[in-house]
Amino acid sequence: MTGTVRSNHPVILTFHDVGLNYKSCFGALFDHEDMQEIIRHFPHCHVEAPGQQEGAKTLPAAYTYPSMDQLSEALTAVLKHFGVIGLGVGAGAYALAKLALNHPELVEGLVLINIDPNSKGLMNSVANKITEWTHTLPDTIITQLFGKEEIENNHDLIATYRHYITATMNQANVSQFLRSYNSRNALEVERPIPGGNINARTLKCPTLLVVGDNSPVVESVVDCNAKLNPTKTTLLKMADCGGLPQVDQPAKMIEAIKYFIQGMGYLSYASMTRLRSRTTSSSSISSFDGSRSRSHTNELLRGRTHSRGAEEKRGRSHTDVSMESISTSNMSKSISKSTEVTC
């Protein structure tokens with residue numbers, strides 16, 4: 001845990017994607033100078049899936065890798081004493097969304113990058129098997145993380161991540177995590193409709209969905225947005241951005257996170273530049289200042305309004321959480337307009 005947990009502030013909890021760990025997934029974001037304003041006021045905890053840390057030993061042959069449902073449920077052991085703002089990418093975004101669905105009392109807000117709410121169909125499963133036979137594991141991971149245009153044009157970035165996956169990650173462990181993610185169940189969320197099924201299963205907390213416009217999962221993220229409560233969900237498509245927005249454009253990603261946290265009633269005085277926003281049903285563009293009132297509910301980012309005291313400065317000591325430290329026994333237990341943001 002970095003920072004001091006306080007009763008009136010949630011913890012930022014991160015969960016990485018397949019083939020990555022907290023350093024390769026979130027290092028560029030949390031090391032960025034603009035992020036320091038956030039982490040000064042919010043403690044944060046990085047969670048890693050079993051066997052995904054740098055230099056990890058091969059998991060024992062008798063070890064049964066947890067399913068995505070089990071990984072999500074295991075997070076409750078980390079969250080016994082504090083609520084969270086979840087920040088997840090890909091597989092990590094799925095696990096955090098599952099957590100929020102099953103334990104809404106633990107999650108105050110979600111920032112979900114590259115989330116795919118759907119299960120793999122039969123054809124996709126067959127395609128994955130063929131890919132396993134014809135591609136190396138690093139190649140498979142690269143095609144899941146980055147879009148075709150990015151792979152063809154951004155050679156330095158792709159080479160960096162290919163080397164990282166090959167040289168620092170345990171291939172056998174990554175393969176097990178990938179298999180678990182590809183075997184996931186659908187999130188089974190449904191958009192509540194006024195006058196219809198108002199008790200539909202959906203995320204109850206403010207949620208920011210993020211995807212780069214060149215990402216291989218754009219359609220999946222848009223599909224997820226269509227299934228969530230439009231009064232609590234914002235879709236952010238980042239222009240000229242690839243598969244990892246937090247790596248490709250960390251400054252814009254941080255700005256969006258600041259707006260999101262402000263919408264929840266925190267960081268009211270954080271310095272901001274300007275984002276342009278539009279609703280999906282309108283072509284008009286509006287600008288929003290960080291100092292602008294958030295009393296309205298249909299602007300850039302929605303959230304509950306809280307009264308918060310003055311921010312306290314806190315020391316920073318670092319401890320990372322690996323899910324291997326969590327016992328396997330814990331694992332086994334008329335439609336409103338959505339908001340879409342471009343930047």
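The values are calculated or read from the model by the stated rules, or taken from the named source; none is laboratory data. Given the structure is predicted, the values throughout are model-derived calculations rather than measurements. With ideal geometry, Cβ positions are generated from the backbone for all residues, glycine too; neighbour counts draw on all protein chains shown. Protein only, heavy atoms only, side chains kept; ligands, DNA and RNA dropped before computing areas. Shrake-Rupley method; radii C 1.70, N 1.55, O 1.52, S 1.80 Å.
Results, tabulated for the structure shown:
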{"item": "Label-point separation, residue 39 to residue 153 (7 Å along Cα→Cβ), nm", "result": "3.1"}
{"item": "Spherically averaged projected area of region 11-264 from its Cα convex hull (nm²)", "result": "14.0"}
{"item": "Residue 78 accessible area, assembled protein chains, probe 1.4 Å, Å²", "result": "30"}
{"item": "Inter-label distance for residue 76 and residue 136, nm, one decimal - labels placed 7 Å from Cα along Cα-to-Cβ", "result": "4.2"}
{"item": "Region 53-82 residues near the modelled residue 31 label - backbone nitrogen below 15 Å, point 7 Å along Cα→Cβ", "result": "54"}
{"item": "Highest to lowest packing among 157-163, 10-16, scored as the average C-beta count within 10 Å", "result": "10-16, 157-163"}
{"item": "5 angstrom amide H check on residue 210, placed H, neighbours 5+ away", "result": "112, 113, 114, 115, 236"}
{"item": "Gain on full stretching of the segment that runs from residue 220 to residue 171 - 0.36 nm per residue minus C-alpha separation", "result": "15.0 nm"}
